[in-house]
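Some notes on the structure that comes next.
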């Protein structure tokens, strides 16, 4: 039913709140991409069967079915422990749930309100019954991610029940467009997509343009390896992002919004489409919203997987049907963006911050985080850390708290080595940076950047030269090729890095890498090109000895670089059985039967066949 005014919206919200309170229990099965990949669809099916015929139980996960109310919840964030199941009102959180666990959960927690002990999260001998007490959650400040995993992502009424669209209502009926822009400016909300540009200033520039047609664009492309913050918001709380876009449209005088989502996010796209349809049907999106003169339409565009389309001008060109390539500036996007019209371009997380700023006020928002970087930041915590997943902390939180308090420390308690922050465009933070505040300004001093929010933890067994080669390979493959510094420079840097890990590098190679990196940083056309060399430059600065080991000592201490490894035969253990020689594909092993054999290092291709076939453990691999 279409909502025509504030009174009708208030009535719908009250009804939605009552509907959420009605069931005696709620079973929220994580339906984020990660848990779905882990088999949570089967868990949903089983809970649906068990819930059939019980009027006081609703199962949160999928579409409506005849015998039970079945809905969806978004990503809970604790990806390392998925599939996850949350039981309300007790707030039990069960980890690594399997289909065969559903009957026991139903019997114990739904019928008897008791926890299933063996499925609770345990750390250092302590079992945590409720989700909120688990250190992974307790030490976070979840504002943008507050609803993810706690409401049905496919039901607009559940978003309304937790305060959804209150900010839009407040903006339309209690604030002028100018007042909205001023509130966002006063909050000092900075873009969460990379560079940390001030959102309010961007909105001001668009609002003052004389053009009648203006656009709101949301960057949901998220191309960084290991990053999934925006995806989780689009999947788990899509209306929050839509509300932020609509408020932006009202503030600057735009009537159309475009969401640019990578095609590899099919679940996010389907939930966004459903959210848009539901908002249109409710009268919260479309013509004359809530009976006012404000109209706003939202369109979805699928990206083709080009990393460069994370850059503003390349993204807008892609929406227009052109090849996604950056252009020279000025004019900037705020003056001539989408369809050559003034455009506000922010990412998913930035828009998701807007509703709470309007609801709570800029002064409240600035009490969170740091003075220069207020609010929270969502990070994708991955790599060699015990608790991988999606986290949210106040800006300025140090790396030690994230890795050790929230992340639980490095896997297998191996010594910490570094964190790659900000994806391929970011930099490297090391042990001496564990106390550094993670905010835009502090990281800039270290020649690093938050980027979209990827955090890849690495331990002492990680080869930093290979890390640099990996990210340079990604960046070089994703270069659009428009400017020479990025197109040719990244290719040359990659060639040098591949030579180094192959044992062909020289000390002069390191100097060439630094010179190329500085040249690309200073002369590339777009922001992505200018940051392309950061992983190499930061690892060179922090781990130069490791590079020297590769080019001078021709060794990789971590044993990662296969070409720098040597297979040797221990003469005291070799029985001369010749099995290694008979299985060597390049005839690199020679000797006489019943006498120790020898490996010709010039011929050896490091395939490991000899190691696999030796029955006496006489062959060892040395770095």
In this structure, does residue 90 turn out to be modelled with pLDDT under 95, on the phi < 0 side of the Ramachandran plot and out of contact with any helix residue (DSSP H, G or I) (no Cβ under 9 Å at 6 or more places or on another chain)? no
Residue check, residue 508 against (1) more than 32 Å from the chain's Cα centre (by Cα); (2) assigned to a helix (DSSP H, G or I); (3) closer than 25 Å to residue 461 by Cα, all met but one. Which one? (3)
Checking the condition under 30 Å from residue 146 (Cβ atoms) and modelled with pLDDT of 95 or more, which residue from 361, 312 passes? 361
Test set (1) closer than 19 Å to residue 153 by Cα; (2) in contact with a helix residue (DSSP H, G or I) (Cβ under 9 Å, 6 or more places away or on another chain); (3) part of a helix (DSSP H, G or I) - residue 206 fails condition number: (1)
Quick one: how many residues across segment 33-51 are touching a helix residue (DSSP H, G or I) at 6+ places or on another chain (Cβ under 6 Å) and over 17 Å from residue 92 (Cα atoms)? 5
Taking segment 302-331, which residues are touching a helix residue (DSSP H, G or I) at 6+ places or on another chain (Cβ under 8 Å) and surrounded by fewer than 19 Cβ atoms within 10 Å (Cβ to Cβ)? 302, 304, 320, 323, 327, 329
Pairs under 6 Å by beta carbon, first residue surrounded by fewer than 14 Cβ atoms within 10 Å (Cβ to Cβ) in segment 1-13, partner outside any helix (DSSP H, G or I), six or more apart or different chains? 2/283
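Residue-by-condition table, conditions (1) assigned to a helix (DSSP H, G or I); (2) surrounded by 13 or more Cβ atoms within 10 Å (Cβ to Cβ):
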residue	(1), (2)
546	yes, yes
559	no, yes
595	no, no
607	no, yes
610	yes, yes
615	no, no
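The values are calculated or read from the model by the stated rules, or taken from the named source; none is laboratory data. Quick caveat: nothing in here was measured; it's all calculated off a predicted structure. Because the Cβ atoms are built from the backbone with ideal geometry, glycine has one as well, and the counts that use them run over all protein chains shown.
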